[in-house]
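Undergrad: My structure is below; once you've seen it, I'll send some questions.
The values are calculated or read from the model by the stated rules, or taken from the named source; none is laboratory data. All values derive from a computational prediction rather than experimental measurement. Positions of Cβ are generated from backbone atoms using ideal geometry, with glycine treated the same way; all protein chains shown enter the neighbour counts. When the accessible area is computed, the model is the full protein with side chains, heavy atoms only, and any ligands, DNA or RNA have been set aside. Shrake-Rupley method; radii C 1.70, N 1.55, O 1.52, S 1.80 Å.
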Amino acid sequence: TRSYLDTFFSDGRFFLAGSTNGVLRIWDLSRRILSHQFTNTTGEVVPVALLGNGNRLLSYSASDNVDHIWDLTTGLEMQSWQAPETMYRADGISPDEQSTLTIGYEGDVVVRNLAGESQTKPALDILESRWARYSPDGKYFAAASDLGYARVWDTATWKPVATVGGFLNGAHSVAFSPDNRRLVIASDDKEAVRGCDTKSWQDVFTLEAPGTGFM
């Protein structure tokens, strides 16, 4: 058994770890305790996000390709749904935590309405993505592609509003600034970080760094 995707959440208060034997663990670092441990499958499980101020967990079970929402107060599953079948995936959680969006590496997309427990599959036209994010105001959704570009959509219509391309290598991750004014994209070497304006979608800076695969 090995630990899988160890992740800090909620300003560093919680530390999550999945595994290859179906065990999910959550540590509360402020109290220095293992606060939750549970199993729902015999295969690989991945913690995706903590929701509701740390009271709910979104996780992914690779063996049956299903996403789950857990109530961490009761330890019970609240809902589950079929995820895109994929080797890699990019996940985004809306700022109001009412929806999740998952992009499969081959381009399949699932948007889950957590409140209504329903889902849609918009055609977002992106391949080989392993990282995606909503903007803090929820207006935009951006995803990076290993093919060397990042794409941005309007979340009200899911129509594309910008494609930031021209990377020498892959675009590996994206992030919006807290004031929604910048989209930052990470790549490799001379394009370790590129930042663009979210009104014009033009580059405003490029930062270099030795190495590849910046996330």
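Undergrad: Using a cut-off of 13 Å between beta-carbons, work out the net charge of the residues near PRO210 (Lys and Arg +1, Asp and Glu -1, PRO210 not included).
TA: For residues surrounding PRO210, the net value is -3.
Undergrad: Under 14 Å Cα-Cα from LYS139, which aspartates and glutamates qualify once same-chain neighbours fewer than 8 residues away are excluded?
TA: The qualifying aspartates and glutamates are ASP96, GLU97, ASP154, ASP179.
Undergrad: Could you pull out which residues in the stretch 139-156 have an amide N less than 20 Å from a spot 7 Å beyond the Cα of LEU168, following the Cα-Cβ vector?
TA: 145-150
Undergrad: In the neighborhood of ALA49, defined by Cβ-to-Cβ distances under 11 Å, what is the net charge if each Lys or Arg adds +1 and each Asp or Glu adds -1?
TA: Summing Lys and Arg as +1 and Asp and Glu as -1 gives -2.
Undergrad: Just the accessible area per residue of the stretch 17-112, please: how many Å² with a 1.4 Å probe?
TA: Spelled out: the 1.4 Å probe surface of the stretch 17-112, per residue, equals 44 Å².
Undergrad: Among TRP27, GLY43, THR74, flag the residue with its Cα farthest along the positive direction of the charge dipole of the stretch 1-113, charges on Cβ as +1 for Lys/Arg and -1 for Asp/Glu.
TA: The residue sitting farthest along the positive end of the dipole is TRP27.
Undergrad: In Å and whole numbers, how far do the C-alpha atoms of the stretch 47-115 stretch along each principal axis, longest first?
TA: Largest to smallest, the principal-axis extents are 35, 27, 17 Å.
Undergrad: Between beta-carbons, use under 15 Å as the cut-off and find the net charge around SER177, counting Lys and Arg +1, Asp and Glu -1.
TA: +2
Undergrad: Then there is this: Restrict the search to the stretch 29-73; then list the trypsin sites (Lys or Arg not before Pro) that DSSP places in a loop and that have at most 16 other Cβ atoms within 10 Å of their Cβ.
TA: ARG31, ARG32
Undergrad: Whole number in Å², please: accessible area per residue of the stretch 143-196, 1.4 Å probe, ligands, DNA and RNA not counted.
TA: Per-residue accessible area for the stretch 143-196 comes out at 40 Å².
Undergrad: Lysines near LYS121 by alpha-carbon distance under 17 Å, same-chain residues fewer than 8 away left out - which ones?
TA: LYS159
Undergrad: Mind putting a number on the dipole of the stretch 93-215 about its Cα centre? Charges go on the C-beta only, +1 for Lys and Arg and -1 for Asp and Glu, and I need it in Debye to the nearest 20.
TA: 240 debye
Undergrad: Another question, if that's okay. If I compute solvent accessible area with a 1.4 Å probe over the protein chains, what percent of it on the stretch 133-215 is carbon and sulfur?
TA: Roughly 53 percent of what the probe reaches on the stretch 133-215 is carbon or sulfur.
Undergrad: Given +1 on the Cβ of Lys and Arg, -1 on the Cβ of Asp and Glu, and no further charges, what dipole in debye does the chain carry about its Cα centre, rounded to the nearest 20?
TA: The calculation lands at about 400 debye.
Undergrad: In the stretch 98-163, with Lys and Arg counted as +1 and Asp and Glu as -1 at Cβ, which of these residues, ILE103, ALA162, LEU147, has the Cα nearest the positive end of the dipole, that is, farthest along it?
TA: ALA162
Undergrad: Tell me the Kirkwood hydrodynamic radius of the chain in angstroms, computed as one over the mean inverse distance between distinct C-alpha pairs.
TA: After inverting the mean inverse Cα-Cα distance, the result is 18.0 Å.
Undergrad: Now for a different question. Using +1 on the beta carbon of Lys and Arg, -1 on that of Asp and Glu, and nothing else charged, what's the dipole of the stretch 175-215 about the Cα centre, debye to 20?
TA: Around 180 debye, computed over the stretch 175-215.
Undergrad: Once ligands and nucleic acids are excluded and a 1.4 Å probe is used, how much of ASP108 is accessible, expressed in Å² to the nearest 10?
TA: 90 Å²
Undergrad: Which FRET efficiency value, to the nearest 0.05, do you get for ALA156 and ASP125 by plugging their Cβ-Cβ distance into 1/(1 + (r/R0)^6) with R0 = 22 Å?
TA: 0.80
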